[in-house]
1. Pull up the range 50-91, narrow it to residues that are of a type in the set (A, V, I, L, M, F, W, C) and at pLDDT 90 or above, then point me to the one that is farthest from LEU23 (Cα to Cα).
2. Would you check which residues across the range 26-61 are among the hydrophobic types (A, V, I, L, M, F, W, C) and touching a residue at least 40 places away in the same chain (Cβ under 8 Å) and list them?
3. For the range 1-90, list the helices (runs of 4 or more DSSP H) that sit wholly inside it and hold at least 1 residues that are surrounded by 11 or more Cβ atoms within 10 Å (Cβ to Cβ) and touching a Pro at 6+ places or on another chain (Cβ under 9 Å); which are they?
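The values are calculated or read from the model by the stated rules, or taken from the named source; none is laboratory data. These numbers were taken from a predicted model, which means no experiment stands behind them. Glycine gets a Cβ as well: all are built from the backbone with ideal geometry, and neighbour counts include every protein chain shown.
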Amino acid sequence: MIRTRKYRLYPNKQQMMRLERTLNACHFLYNCALQERKESFKQQRMVSLYQQQKELTECRKEFSELAEINRQVENDVLVRRNTTYNSLNGT
């Protein structure tokens, strides 16, 4: 049996700003990855999850907001985007 627990957080101003920056960076990454996937589909080529994860290193250098967040969080965003995209397209 899997149990879950919910905790209510009361972040201070500094923590709240950090959370907002992280969420904004995740939003940006998700949209960029989705746009890349759409463009590759129009050009009839495939971009895999693993290719996009490899490209994160270049993206982190180019966009400072991505460099501030944990690499695992970025990978999770790409995995979620991949799952959503695949479920919508039936692949």
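1. The selected residue is VAL79.
2. CYS26, LEU29, ALA33, LEU34
3. Output list reads 13-42.
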